[in-house]
Each structure stands twice: as C-alpha cells, then as structure tokens.
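A short worksheet on the structure shown next.
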Amino acid sequence: MSSNSFGTLFRFTTWGESHGPAIGAVIDGCPAGIPLSEADIQPWLDRRKPGQSRFSTQRREADKVAILSGVFEGQTTGTPISLLIENTDVRSKDYADIKEKFRPSHADYAYMAKYGIRDYRGGGRSSGRETACRVAAGAIARKVLGDSIAIRGAAVQVGPHKIDRANWDWSEVAKNPLFCPDPVMAPIWEKHIDEMREDGNSAGAIGEVVVSGVPAGWGEPVYDKLDSDIARALMSINAVKGVEIGAGFGAVELSGEENADQMRAGSEGKPIFLSNNAGGILGGISTGQDIVARFASKPTPSILKPLQTITATGENADIVTKGRHDPCVGIRTVPVAEAMIACVLADHYLRRKSQLR
C-alpha cells in the first residue's frame, strides 16, 4: 500500500492497523531546536482517544505516546521523529462473523477490490484508529507553528440538529463530550445520539475549524493552494465526505456584492476586511483573516441494524456489525481535523520561510 505520507517540507507517515500490536507515525522535516516531549503530544491525543463517554466507542485505549527518535535532551534534532502508540484493548473476535462479508458504506469492499486481501479486524488501515497518529503529528506541527497561531475546532451539526451561532461559546467546547459550542444544543445532540445508538443506528456530523493568527502570504499558487491542501487534508480523514472553506456552498446563494469581502484601509498598510466569506484564503494564499473550514462526516457504517450485502465470494447476504463503534464518528473527528490543518499550516510555514531572503 502506498500513499501513507502527507506533506512536503513538514511530512509525516503513519503506519499500523486497528487490531495490530501498535500504530505510529514518523514525522520528517521538523526543524531542530524545538522543545518537545511526550507531554506536549499527550493532551491532544487525550482529546481524541476512545472510551471517554457513551457517545464514542467503548474501546479503552490509553493512547499513550512514546517518542523513539528525533529528540535529544528535550529538543528536536532535525532528524525524523518516530512515535509509537500501543494498541492495548483489541477484541478481534468481535469481527469473526463478518470475516467473509462486506459492510455497506465501509471500505471493506474497496480494499478487497484493490488489494485482493483485507484486514477485517476493525478495518485495518481504514479504521478510525489510524487517526490517533495524525493527532500526534498535529501536536508536533503546533510546536512548529508556535503559540501565535490558534487552531480551534467544534462540532456544528449532528444529524439534522444545527447549532445556533448566536450561542457560540468556545469555552463550552471543552465542557461537553461532543465538542459543542452551543450549550443549548449539546443536550439535544446527546438525546439524538442516544436514540441512534439504542436503535442500533448511527448519526453523521459537521465540524468546523477556525484558525487565527496566520499572516497574509502563506500558500502556493496554483496547484498547492492553501485551501486546496486543507481540503485534501480534511478529505483524507476517515468518514469525511465533504469540505467547504468560508461561505463554501452557501456562497452560491449570495450575489457577487454580498459575497465580496470588501476592504478598508487599516494600520501598517494592512486592510480591514468587512466580512470573511473567503474563509481567510484568496487565490490559494492566506489573507491574514481567520481561516475557516468545515467538514461533513457520514454516519458510522458499522451498525447493529441488519443490512443487505454480499460475501467475498459474491453471494447475497445480510450483515449485522457487532463490536464497539462510535455512534457518531464525526464527533471525534474534530481534534483530527484540527491536527490535519495544523500539519498543512506547518508545511506552508516552512515553505514560506524557504522563499524569504
């Protein structure tokens, strides 16, 4: 299998399977001299790890990270940083009944069609378990970017239930297990997800990441645009089926005048934008405004509802997926999306530095 790496100057490669002994990542291109320890990475992994509430899979993984290389006396050396996360709570027997069946809406059939073999234990590489590696890489990317850049994510819709943006409060995101910034909507989401889970079903979600502090001038025209790299990064996350930047698809309903982010003169020669429909990126290059990206995650395909499928030998069959699965996988995708955007920004930060005199 190829294409397990992401990035240009800041580049990471993930490895491992959902039910293997461990998963991990190798980060290449991190500059030397950056203070780094496991304590800088672990808090971000703790936000994503499973089993923390009834709204996520009950698989219990500590997701404890170990740095194997690339750090000496508490600082990065400029050489590849290798990270290890052990799998400690696998239950492969849960998948014995679907060994010869393909889960609808899952990657099972596609992997078999491509490789002629698949790891049916939790989906192998197609499992959301792989995203822990991305979060670890994102933690290092944040260290490269520094504290002047803030990357924050939240869920904005679960099933048909959207937040009221007038209620948006970033401090609420850490107060509930759903990354919900709307204190009124959080209990509604909880009820909806509980109903889905009790019915043996699952729900989809939309998340949003807002980045503050990125200066104007990051991004590469024409094919490595900052927004195209962000879109690619988010679309590479398991279950994500749609991405939009700024007003996104909503821009279709606006006139040119309404969509225009009009400008007035500001201090130090920098403009003041009167709106941000572009999501902080024009022509693939950052404008200095907040970067805003949203992503839609489909409902978890592993559910207890009986579904029609086929077997590996091409026969009709029914399938019920047992085991431990997120009733709404899009919720835990929020910290993963933050991490992927952090990696994109670290990459473009280093590219920008390489172009300056």
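The values are calculated or read from the model by the stated rules, or taken from the named source; none is laboratory data. The structure presented is a predicted model; accordingly, all values stated were derived computationally and were not measured. A quick note on method: Cβ atoms are made from the backbone with ideal geometry, for glycine too, and the neighbour counts reach across all protein chains shown. To get the accessible areas, we keep the full protein, side chains included, count just its heavy atoms, and leave off ligands, DNA and RNA. Shrake-Rupley method; radii C 1.70, N 1.55, O 1.52, S 1.80 Å.
By the compact-protein rule of thumb, 2.2 N^0.38 Å, the alpha-carbon radius of gyration of the range 1-125 corresponds to a ratio of 1.24.
For R91 and R54, FRET efficiency with R0 = 25 Å and r from the beta-carbon atoms, rounded to 0.05? Calculated transfer efficiency: 0.85. Here's the picture: charge each Lys and Arg Cβ at +1 and each Asp and Glu Cβ at -1 in the chain, and of F6, G116, S255 the one pushed furthest to the positive end of that dipole is G116.
Taking the accessible area of the chain, probe 1.4 Å, and keeping the other protein chains in place, the carbon and sulfur fraction comes to 53%. A protection proxy built from the mean count of other Cβ atoms within 10 Å ranks the segments 114-122, 32-40, 325-333, most packed first, as 325-333, 114-122, 32-40.
Sparsely packed loop sites in the range 54-128 (the GluC sites (Glu not before Pro) outside DSSP H, G, I, E and B with at most 16 other Cβ atoms within 10 Å) comprise E73, E100. The label point for S37 and the one for K64, both projected 7 Å from the Cα toward the Cβ, are 1.6 nm apart.
Ordering H19, Q58, Y95 by the projection of their Cα atoms onto the charge dipole of the range 1-139, which places +1 on the Cβ of Lys and Arg and -1 on the Cβ of Asp and Glu, puts Y95 at the extreme positive end. Normalised size of the range 223-268, defined as Cα radius of gyration per 2.2 N^0.38 Å with N residues, equals 1.56. Rounded to the nearest 20, the size of the Cβ-charge dipole of the range 19-98 about its Cα centre is 380 debye, with Lys and Arg at +1 and Asp and Glu at -1.
Return the Rg/Rh value of the range 235-357, two decimal places, where both radii are evaluated on C-alpha atoms and Rh is the Kirkwood radius. Rg/Rh: 1.16. Distance from the Cα centroid of the range 278-357 to that of the range 152-169 is 17 Å (rounded to whole angstrom).
The mean sequence separation of alpha-carbon pairs under 8 Å and at least six residues apart, normalised by the residue count of the chain, gives a relative contact order of 22 percent.
Put a dot 7 Å past each Cα toward the Cβ at I117 and L356; how far apart are the dots in nm? Label-label distance for L356 and I117, simple model: 4.9 nm. Accessible surface computed residue by residue for the range 1-107, with neighbouring protein chains in place and a 1.4 Å probe, gives 48 Å² per residue.
Which value in Å does the Kirkwood hydrodynamic radius of the range 80-225 take, with 1/r averaged over all unlike C-alpha pairs and then inverted?
Roughly 19.1 Å, rounded to one decimal.
Compute the helix-to-body angle for 186-198: its Cα long axis versus the longest principal axis of the chain, expressed 0 to 90° and rounded to tens. In the chain, helix 186-198 runs at an angle near 20 degrees to the longest axis. Taking the Cα centre of the chain as reference, the dipole from Cβ charges on Lys and Arg (+1) and Asp and Glu (-1) amounts to some 640 debye. In terms of the Cα gyration tensor, with a ≥ b ≥ c the square roots of its eigenvalues, is the range 163-248 rounded because a/c is under 1.5, prolate because a/b exceeds b/c, or oblate? The shape class here is oblate. On the beta carbon distance between S3 and D199, with R0 = 30 Å, the FRET formula returns roughly 0.25.
Modelled this way, with points 7 Å down the Cα-to-C-beta line, the labels at E73 and S212 are 3.8 nm from one another. Note on the chain: Kirkwood radius taken over Cα pairs, Stokes-Einstein applied at 37 °C and 0.692 mPa s, translational D equal to 153 µm² s⁻¹. Given K64/K101; K99/K322; K175/K241; K99/K191; K114/K322; K175/K305, which pairs have Cα atoms separated by over 21 Å? Violating the 21 Å limit, Cα to Cα: K64/K101; K175/K241; K99/K191; K114/K322; K175/K305.
Rg over Rh for the range 72-126 works out to 1.22, using Cα positions for both radii and the Kirkwood form for Rh.
The gain in end-to-end length when the S148 to E100 segment is fully stretched comes to 12.2 nm, 0.36 nm per residue minus the alpha carbon separation. The magnitude of the dipole of the range 252-341, with charges of +1 and -1 set on the Cβ of Lys/Arg and Asp/Glu and taken from the Cα centre, is near 420 debye.
Expressed in Å, the radius of gyration and Dmax of the Cα atoms of the range 1-58 are 14.5, 41.
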